[in-house]
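One structure is given here, and the rest of the page talks about it.
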Amino acid sequence: MTHSTTSISNINRRHFLGGGLFVAMSFATPALSQSSAASKLGKTNDPKDVDAYFAIHADGRVTLYSGKVDLGTGSRAAMRQIAAEELGVPTSRIDLIEGDTALTPDQGPTSGSNGIAKGGMQIRQAAATARDALVKLAAQKLNLPAADLDVVDGTVRPLAGGKGVSFAEVLGDRRFDVKLDAKAPLRKPETYKIVGHAHKRPDVPAKVTGTHVFMHDFEVAGMWHGRTIYPPSVGASLVSVDEASIKHIPGVKIVRVKDYLGVAAANEWDAILASRALKAVWKDGPTLPRHEAMKEWILSSPQVGDEVIEKRGDYQAGAAEGARKLKSTFYWPLQSHASLGPSCAIADVKTDGATIWCSSQSTHKYTSSFAKMLSLPQDKVRLIYIDGSGCYGMNGHEDAAADATVMSRELGLPVRVQWMREDEHGWDPKGAPQLIAQEASMTADGKITAWKTEMWVPKGTEKLPNIPLLAPESAGLPQVPGLSPGGISGGGLPAYEIPNMEVQVHWLKASPLRPSHLRAPGKIGNLLAVETFMDELALEAGKDPVAMRVELLKDKRGVEVLKRTAEAFGWDARVKPRKDGKGRGIAYTKYKNAETYVGMAMEVDVNVDTGAIAVKRVVCVHDCGQIINPDSVRSQVEGCIIQTLSRTLLEEVKLDGKRVTSVDWASYPILTFPLVPELKIELIDRPNEPPMGAGEAATAPVSAALANAIFDATGVRMRSVPFTPQRLKAALLESKTSTG
């Protein structure tokens, strides 16, 4: 499928402001800076201006400009719903342009479940301000007080009845020229007709029929196809290249910049063949730890300091008060994003500017990084978002964009780079490994007197502008070095009222591989430790796990979620494991200790002979405050559960001391359709509470609920992820041996 490019001189103001996603992709030749593309036609991107978010056209349609992007979460529907509710216009009349740094306001990265919670609320306030402005302008036309008017179906009408004026008559194709008013009155939830109701996602029909334009489908006129050639070991340097080794493939160009090596051709298959045939000599980089020895590497790795996240009461005094002591240690491995589609991007670098099409969830943030790499002013670099394969955090999208940028700069023409499967699994930035140790003390009658958690995780570099990319690093181009593992210490603070508590992080200086934000970074592993340990304490106290949690939980919304989870699951209270191969477990989180409430209950069957674990049923109760689109929230929660089951049961990056060896679906398996359990999702809608996001929260309690269910089925605690049959069999054997 070919998608042609359009010159800026052929686009009028109407097309520029209202042409939808096609317009957002169309300015390819010549490359335009952010400032020139916007200012040429009077578009402001200042997030303080209403015109940064909305344009009203002469035909009554509305264009919504969003700096946040839809990563498959359904925000294309939700953002329209938010804007439509406040503006008083049907969603069908709203066109959306997203993630184009020349056309949309910088609303920050689409990450951390903040797309709706932050970006959507900015759009809500901008829409309320726009509605207020439209009413005031209409009041002048109708010679009526603004208080006597309302907005309905794209028309400002008198409350008493009678003819009104349309948006087009009031403002069509002119600017609002008003600042976003943080005090502009919002519509009251009890009047909502759009928000809180299921709306169909506008992108699904094309995705189902195979006509949706993904990044992998998009083309720019005159582009070449590139492939990066990665070294045989991490950190290797390039010694020499045998150009004659690909002379049998005509028309291929070799791109070498210091230690960066790639090939490009007019035909993609020629580029693939050349990337496989080109011979090069590399000098190996430093030795990496093997994945089997990762725990030892973590404990022996240099540290840059400790941080106390929580200090409550007197831990030492509380520990002395408790007669019974418990300890546990949990390990979470290196993991890949494992995107089903390899990363892809196109770059068109000119001497005076660059345009880059990619699937980054942080296009605005990365303009400075690509400008630095190219030694260009930031306003001369434009990034345009196009749908890619799911990223679940920062995967290889930006790296593919950097590869394309280096090649385009060297060759002087647009270059498209698509990673191969071994590139995606081998070289995408990884979710960092974690080690979590806990200890607690308890009185003879089951009261927890003290709790201590220690975490060993890599420390992120403060004020790092972006995850350091491979291409500029190997090519010797400027970028800011550092580590970006995400908020990896989050979730380590128990949600329960325990009088004496310490939560401490031992920050590691390095990570075995380049880290990045992998969905809910750190929270799943940390909550696995917290919520599994809570079950251990309940067993020691002779209490049912649900009853123990309810007793210690003082947050009323949290208690409601937990009780509703147990009720929806059909929880049968007991204080000891069944050990008959069938088990159930529960876990709870208030995500990041400040956001969405999630209860998770799970039922499993365990074959103690083979170690196979089958998750049969999952019940989740989810309270993310106000719900914009329940269908989208439900699908997000389902995705969180399924992906985290995959990460818990199957996924671990394997290293042989030089490189990643888990570079395909056989060596890095993920959950398949036959293994997906029955899912029951209950959503609690709180229209009068702020929305808190659904993209990550339901991931956090999955592993703990699963570990607790496995214990109920077998009497064995799983403390190292993934929960493979081999690990479970070893744990069963160890348990049998220790009990004699």
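Brief remarks follow.
- Residue within region 697-710 that is part of a loop (DSSP other than H, G, I, E, B) and among the hydroxyl-bearing types (Ser, Thr, Tyr) present: no
- Any hit, region 175-195, residues being over 22 Å from His57 (Cα atoms), assigned to a helix (DSSP H, G or I) and modelled with pLDDT under 95: no
- Residues that are under 19 Å from His291 (Cα atoms), of a type in the set (Ser, Thr, Tyr) and under 18 Å from the mean Cα position of the chain (by Cα) do not occur anywhere in region 661-683.
- Conditions (1) aliphatic (A, V, I, L, M); (2) in contact (Cβ under 8 Å) with a residue 12 or more places away in the chain; (3) within 23 Å of His337 (Cβ to Cβ); (4) assigned to a loop (DSSP other than H, G, I, E, B); number of the one not met by Val615: (4)
- Listed conditions (1) surrounded by 15 or more Cβ atoms within 10 Å (Cβ to Cβ); (2) touching a strand residue (DSSP E or B) at 6+ places or on another chain (Cβ under 6 Å) are all met by Asp217, apart from (2).
- Selection status of Gln438, at pLDDT 95 or above, in contact with an Asp or Glu (Cβ under 9 Å, 6 or more places away or on another chain), assigned by TED's automatic domain parsing to the domain that holds Leu537 and of a type outside the set (Asp, Glu): yes
- A count restricted to region 134-147 and to residues that are surrounded by 14 or more Cβ atoms within 10 Å (Cβ to Cβ) and either among the charged types (D, E, K, R) or not assigned by TED's automatic domain parsing to the domain that holds Gly164 (or both) stands at 1.
- Selection within region 350-376 - outside any loop (DSSP other than H, G, I, E, B), within 23 Å of Asp387 (Cβ to Cβ) and not aromatic (Phe, Trp, Tyr): Ala354, Thr355, Ile356, Cys358, Thr363, His364, Lys365, Thr367, Ser369
- Condition check for Gly210: surrounded by fewer than 12 Cβ atoms within 10 Å (Cβ to Cβ), on the phi > 0 side of the Ramachandran plot and either under 32 Å from the mean Cα position of the chain (by Cα) or not assigned by TED's automatic domain parsing to the domain that holds Glu268 (or both): yes
- Any helices (runs of 4 or more DSSP H) falling wholly within region 393-502 and containing at least 2 residues that are touching a residue at least 12 places away in the same chain (Cβ under 8 Å), small (Gly, Ala, Ser) and closer than 26 Å to Ser360 by Cα: 397-411, 470-475
- Selection over region 148-161 of residues that are closer than 30 Å to Arg686 by Cβ and either exposed (fewer than 14 other Cβ atoms within 10 Å of the Cβ) or in the same structural domain as Pro691 (by TED's automatic domain parsing) (or both) gives a count of 3.
- Long-range neighbours under 8 Å by Cβ, at least six apart or interchain, first residue under 16 Å from Arg409 (Cβ atoms) within region 252-269, second among the aromatic types (Phe, Trp, Tyr): Lys253/Trp224; Ala264/Trp224
- Subset of region 211-265 [of a type in the set (Gly, Ala, Ser), part of a loop (DSSP other than H, G, I, E, B) and over 21 Å from Lys350 (Cα atoms)]: Ser233, Gly235, Ala236, Gly251
- Any chance Leu733 is hydrophobic (A, V, I, L, M, F, W, C) and crowded, with 16+ Cβ neighbours inside 10 Å: no
- Qualifying residue in region 506-521 (condition: assigned to a loop (DSSP other than H, G, I, E, B), surrounded by fewer than 18 Cβ atoms within 10 Å (Cβ to Cβ), out of contact with any Phe, Trp or Tyr (no Cβ under 6 Å at 6 or more places or on another chain) and in the same structural domain as Val653 (by TED's automatic domain parsing)): yes
- From Lys279, Lys311, Lys258, residue being modelled with pLDDT of 95 or more and not assigned by TED's automatic domain parsing to the domain that holds Ile346: Lys311
- Options Val239, Val252, Val263: the member that is modelled with pLDDT of 95 or more, surrounded by fewer than 18 Cβ atoms within 10 Å (Cβ to Cβ), among the hydrophobic types (A, V, I, L, M, F, W, C) and not assigned by TED's automatic domain parsing to the domain that holds Asp153: Val239
- Considering region 288-337, and only residues there that are outside any strand (DSSP E or B) and aromatic (Phe, Trp, Tyr), the residue that is nearest to Met501 (Cα to Cα) turns out to be Tyr315.
- Test: residue in region 162-178 that is over 23 Å from the mean Cα position of the chain (by Cα), in contact (Cβ under 8 Å) with a residue 60 or more places away in the chain, loosely packed, with under 13 Cβ neighbours inside 10 Å and within 30 Å of Asn143 (Cβ to Cβ): yes
- Filtering region 562-584 to residues that are among the β-branched types (Val, Ile, Thr) and either closer than 18 Å to Glu678 by Cβ or not assigned by TED's automatic domain parsing to the domain that holds Ala704 (or both) leaves only Thr565.
- The number of residues in region 367-397 being charged (D, E, K, R) and either closer than 17 Å to Gly476 by Cα or outside the structural domain of Ala265 (by TED's automatic domain parsing) (or both) comes to 1.
- Set Glu678, Glu682: member being surrounded by fewer than 17 Cβ atoms within 10 Å (Cβ to Cβ), over 24 Å from Ser489 (Cβ atoms), acidic (Asp, Glu) and touching a residue at least 24 places away in the same chain (Cβ under 8 Å): Glu678
- Of the residues making up region 490-508, none is modelled with pLDDT of 95 or more and in contact with a His (Cβ under 8 Å, 6 or more places away or on another chain).
The values are calculated or read from the model by the stated rules, or taken from the named source; none is laboratory data. These numbers were taken from a predicted model, which means no experiment stands behind them. Note: ideal-geometry Cβ built from the backbone for every residue, glycine included; neighbour counts use all protein chains shown.
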